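Data first, discussion second: the structure below is written as structure tokens.
The values are calculated or read from the model by the stated rules, or taken from the named source; none is laboratory data. What you are looking at is a predicted structure, and each value in this text was computed from that prediction instead of being measured. Cβ placement follows ideal geometry from the backbone for every residue including glycine, while neighbour counts extend to all protein chains displayed.
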């Protein structure tokens, strides 16, 4: 049986890559200097972007530009042999996997800083437990783990929105409320990264373009992951302190087991249900059989399902939405596929 990979060991290895750590002040200065005044920039660096009177729409555009730029770097990357001591320090971890998560950690920092986070890495060359915990939560959100989204929501109130949440305490982050959640998320993600399933592509999570192409990290994998995190952070950033307080209160940390299931795993369940149960033919007839009794067309294998990404409205037949959302008027497109 293949040895199970430790997710935290992958993160620790990835964090040692030379391109991974983002200098928050340098990043904000470079990217905000053309979008805001010098006073706003200094406020963003000192107290966070959400308290610098910068329109959130500008931060959203910056986040999407950063995602596009990082995606280009990822898809063009070759293996970076820059870990001190070489990859031998984590001999059981495939180089592709370490590099992939190096890019994931990099974009997670950039998105966090855009939406108001403080410095994530400390000055230490070692990855401390508090930083590692935050990174696991960010990657959990990017991997579609509902438990991570709930935890990040609470953490958002303690970091980016300090003005409404005074819970920050001078204690080790590993001793805060979210540490048990982090451990469980890390264990769940680690279970999916055994050598044998990674060699087959880790299912749908981290594909590699053949063992010889170490830098072949694909657009189809990286970009959707980054958009999950960006969308969640943006949703919270758009709220007033009062709206966020209500939203935060609704995100109870009394987590159920289903909160640790990823979007990918939920998608498999949805597709299976779609394939084996109801489906709507292109002729308009609703069916439960393998072939449409009205026109004879066969049932498609796995139909995309839609939910409005602006207001959350869902059509009665999720596989055949209307052209526009009847609640907010937003057109349905690929961005609304769940």
Anything in the stretch 9-32 that is at pLDDT below 95 and either outside any loop (DSSP other than H, G, I, E, B) or touching a helix residue (DSSP H, G or I) at 6+ places or on another chain (Cβ under 6 Å) (or both)? List them, or say none.
9, 10, 11, 12, 13, 14, 15, 17, 20
Only listed residue being surrounded by 19 or more Cβ atoms within 10 Å (Cβ to Cβ), within 18 Å of the chain's Cα centre (by Cα) and at pLDDT 85 or above, chosen from 160, 148
148
Is it true that some residue in the stretch 115-132 is surrounded by 24 or more Cβ atoms within 10 Å (Cβ to Cβ), modelled with pLDDT of 85 or more and in a helix (DSSP H, G or I)?
no
Yes or no: residue 74 crowded, with 17+ Cβ neighbours inside 10 Å, at pLDDT below 90 and not in a loop (DSSP other than H, G, I, E, B)?
yes
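How about the stretch 48-60: which of its residues are touching a residue at least 12 places away in the same chain (Cβ under 8 Å) and either in a helix (DSSP H, G or I) or surrounded by fewer than 18 Cβ atoms within 10 Å (Cβ to Cβ) (or both)? Break it down stepwise before answering.
We begin by selecting, within the stretch 48-60, every residue touching a residue at least 12 places away in the same chain (Cβ under 8 Å); these are 48-54, 56, 58-60.
The answer is 49, 50, 51, 53, 56, 58, 59, 60.
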Which number in (1) surrounded by fewer than 17 Cβ atoms within 10 Å (Cβ to Cβ); (2) farther than 14 Å from residue 20 by Cβ; (3) within 22 Å of the chain's Cα centre (by Cα); (4) modelled with pLDDT under 90 marks the one condition that residue 65 misses?
(4)
For the stretch 297-324, pairs from a residue that is within 10 Å of residue 336 (Cβ to Cβ) to a residue that is modelled with pLDDT of 80 or more and not in a loop (DSSP other than H, G, I, E, B), with Cβ under 8 Å and 6 or more apart or across chains, are 309/231
